[in-house]
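Here is the structure we will look at, set down as structure tokens.
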Amino acid sequence: MPSLRTALLQSSGRPGAVAENLKALDEAAARAAAAGARLLVAPELFLTGYAIGDAVPELAEPAEGPGAKAIAEIAVRHGLAVLYGYPERDGERIFNASQLIGADGVRLANYRKTHLFGCFEQEWFTPGEQTVVQAELDGIRVGLLICYDVEFPENVRAHALAGTDLLLVPTAQMHPFQFVAESVVPVRAFESQMYVAYVNRTGPEGEFEFVGLSCLAGPDGVVRTRAGRGEELVIGEVDPEFLAASRAANPYLADRRPGLYGSLA
């Protein structure tokens, strides 16, 4: 099975300006496709911006809303799948969500963040209730989490047990928590034997300062590609043959003793 070339868009776009963020995504998709990527991953709440305050209700849209349709057109135009973050409206509730759209424009998966971080998110968003959301992409089982979710090892292990090969984590990781991007994410990839694409915002935005450092970590705990602190598009390979060999050599999942872990729940 061929590798899945994956592009990570490290950018904060322009908060509150959906049209400009779609333009930036379109330009990134063109660059990613020209480099042979089959998947482009954008950060948490990329469609609208993260620090948008009381504009959240105004900018939130349904999963099949105009933003999704515009991104489907981008995916088809450039021939690659796109994962992006957005505020999802479902009736009176709003979720911090991410959506994966295939290269044919078909919506493949929609995930609602289950662990909300800080006062801003807890004020505006409802937590999701489904831990494992997956889709098949070029023969690879792709799973979705968002930012703070990946800091709970239970979430990532649940994906491992469900067979996730590549975990996509759009994020809004801020100062002073850059150790998550530097250390926690590669460890999560190693301990649960999967690839993890962690894709961050960058620079100041409202009261927040995003640290960048987006990365694609492999099941051996080695980072395949890493962005710096500014706007950047980086590309890495998700190799299913290497993943299979790593899982065969690493006993973590096989050596688990679930009967001992009941107290954890």
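The values are calculated or read from the model by the stated rules, or taken from the named source; none is laboratory data. Just so it is clear, the model here is predicted, and its values are computed rather than measured. Using ideal geometry, Cβ is built from the backbone for each residue, glycine included, and neighbour counts are taken over all protein chains shown. Side chains included, ligands, DNA and RNA excluded: accessible areas come from the protein's heavy atoms. Shrake-Rupley method; radii C 1.70, N 1.55, O 1.52, S 1.80 Å.
Highest mean packing comes first when the peptides 66-77, 242-253 are listed by Cβ atoms within 10 Å, giving 66-77, 242-253.
For HIS175, the accessible area of its heavy atoms, probed at 1.4 Å with every protein chain present, is near 100 square angstrom. For the stretch 1-87, a Kirkwood radius taken over Cα pairs fed into Stokes-Einstein (37 °C, viscosity 0.692 mPa s) yields D = 250 µm²/s. Remark: the stretch 139-153, residue by residue, has Karplus-estimated 3J(HN,Hα) of x, 10, 7, 9, x, 10, 9, 9, 6, 3, 3, 6, 7, 9, x Hz, where x stands for each Gly or Pro and the curve is 6.51 cos²θ - 1.76 cosθ + 1.60 at θ = phi - 60°. Each peptide in 118-124, 5-11, 211-217 was scored by the mean count of other Cβ atoms within 10 Å over its residues; highest first, the order is 5-11, 211-217, 118-124. Length gained on full extension, ALA19 to PHE152, computed as 0.36 nm times the residue gap minus the Cα-Cα distance: 44.5 nm. Mean residue ellipticity at 222 nm, helices only, the chain: -7500 deg cm²/dmol; runs of at least 4 DSSP H residues each add -39,500 (n - 2.57), and the sum is divided by the number of residues. For ARG31 and ASP104, the FRET efficiency from 1/(1 + (r/R0)^6), where r spans their Cβ atoms and R0 equals 25 Å, is about 0.75. In this simple spin-label approximation, HIS175 and VAL187 carry label points 7 Å from Cα along the Cα→Cβ vector, and these lie 2.4 nm apart. Shape summary: the stretch 185-254 maps onto an equivalent ellipsoid whose semi-axes, from the alpha-carbon gyration tensor, are 29, 13, 7 Å in decreasing order.
Residues of the stretch 66-106 with an amide N closer than 15 Å to a point placed 7 Å from the Cα of GLN130 along the Cα-to-Cβ direction: 88-90, 95-101.
Amide H to amide H distances under 5 Å link LEU144 with VAL133, LEU168, where only residues 5 or more positions off or on other chains count and H is placed in the peptide plane. Only beta bridges with both residues in the stretch 1-135 are counted; by DSSP, about 65 percent of them are antiparallel.
Over every pair of different alpha-carbon atoms in the stretch 129-265, take the mean of 1/r and invert it; report that Kirkwood radius in Å.
Result for the stretch 129-265 stands at 15.4 Å.
Counting only Cα atoms, the size of the stretch 1-151 along its three principal axes is 43, 31, 26 Å, in decreasing order. Using a probe radius of 1.4 angstrom, the carbon and sulfur fraction of the accessible surface of the stretch 62-117 is 51%.
Across the stretch 244-254, computed HN-Hα scalar couplings (Karplus, 6.51 cos²θ - 1.76 cosθ + 1.60, θ = phi - 60°) run 4, 5, 5, 5, 5, 8, 9, x, 3, 5, 5 Hz from first to last residue, x flagging Gly and Pro. DSSP assigns beta bridges within the chain; of those with both partners inside it, close to 70 percent run antiparallel.
Couplings 3J(HN,Hα) of the stretch 46-60, computed from phi: 5, 4, 10, x, 8, 8, 10, x, 6, 7, 3, x, 5, 8, 5 Hz, in residue order, whole Hz [Karplus 6.51 cos²θ - 1.76 cosθ + 1.60, θ = phi - 60°; x for Gly and Pro]. Counting only DSSP beta bridges with both residues in the stretch 135-265, tell me the antiparallel percent, nearest 5. If I count the DSSP bridges inside the stretch 135-265, around 65 percent turn out antiparallel. Scaling against 2.2 N^0.38 Å puts the C-alpha radius of gyration of the chain at 0.94.
In this structure, the amide hydrogen of LEU40, modeled 1.01 Å from its nitrogen in the peptide plane, lies closer than 5 angstrom to those of ALA7, ALA81, VAL82, LEU83, counting only residues at least 5 positions away or on a different chain.
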